Amino acid sequence: MPQQDSAHAGRRVCVTGSTQGIGLGIARAFARSGARLVLNAHIPDDGGALAQLSGQAEAHYVRADLATRDGCRALIAGAAERLGGGLDTLVCNAGGFFDTPLDQLDADALDRTFDLNVKGYLYCAQAFAEQARPGASIVLIGSTNSLAAEKDSVAYDASKGAVLMLVRSLAVSLAERGIRVNGVGPGLVETPLTQAGLDRPGVRARVTSQIPAGRLGQPDDIGGAVRFLASDDAAYITGQMLYVDGGILAQQMSWSPA
Ligand code: NAD
């Protein structure tokens, strides 16, 4: 059962890529903690995400394409304007998977992957840091793919590996300004991004059987971890990646018959 508390009461929080999936789960977690929110995506808001939060929290929407530096700067400026002051928390979540089998991987797929998953995070963090006060915090969404590779996922894997070092590098660079930077690495989470793959015959049961926790992740599982890392309970935690994966990364290959 998701927790309700006041850990982020009145804080100004921006979550990128938050009209659906993990980003929306993160926004819901902050809403339950009393935060004031800005949601974002590159497409017009159809009202669905804001409607989910209405009555729970103050929430605004800023449309911006975070695959460009201008888009990232426009998001941070727009979010600060909507919320009437400097932002306290930034969650970089907007990401995508553009891989093909290795032999067909071209410059376009690589550029799309790195523009959004890596440069977009960096430019948003940079703009956020310019306006943030001591005590502010950034959480970057990585993946179990930050540490472990998947077949035909070369660009995505490399981009999520880069997120791990962005967490550490930004944490070290921003520590003297009193800004903490951490990451959350989801395992396999049920979202629109993964839905089509999970719905292929037999896939859901096969992947679930390989997760020690015995179930797929849900966006609210990720939201709770992000909310903790951005809270004062985590005041001495910076430069860390917390994997929220139901035990996927903890598991060795098994000797026992399936
Ligand atoms: P999703 O595709 O369901 O949602 C992505 C969100 O980002 C949407 O709101 C979309 O509109 C937005 N977005 C896409 N391109 C954008 C752009 N150019 N500018 C601004 N917003 C944009 O994805 P998800 O599964 O919720 O994944 C969210 C994050 O979590 C990603 O960084 C992904 O790599 C990571 N992740 C997901 C899983 C998983 O199993 N779903 C696992 C590990 C990590």
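Assorted remarks:
- For the peptides 220-229, 25-34, the ranking by packing is 25-34, 220-229, with the highest mean count of neighbouring Cβ atoms within 10 Å listed first.
- Stokes-Einstein, applied to the Kirkwood radius of segment 12-244 over Cα pairs at a viscosity of 1.567 mPa s and 4 °C, places its translational diffusion at 73 µm² s⁻¹.
- Relative to the longest principal axis of the Cα atoms of the chain, the long axis of helix 69-83 lies at roughly 50 degrees.
- Separation of segment 44-107 and segment 1-29, taken as the distance between their Cα centroids, equals 13 angstrom.
- Note on the chain: with a GNM built from Cα contacts shorter than 10 Å, the maximum mean-square fluctuation among Thr68, Thr194, Thr89 falls on Thr194.
- Sum of -39500 (n - 2.57) over DSSP H runs of 4+, divided by residues of the chain (222 nm, nearest 500): -11500 deg cm²/dmol
A short reminder: the numbers here are calculations on the coordinates, not readings from a lab. Nothing here was measured: the structure is a model prediction, and the numbers come from that model. No Cβ is skipped: glycine too gets one built from the backbone with ideal geometry, and neighbour counts run over all protein chains shown.
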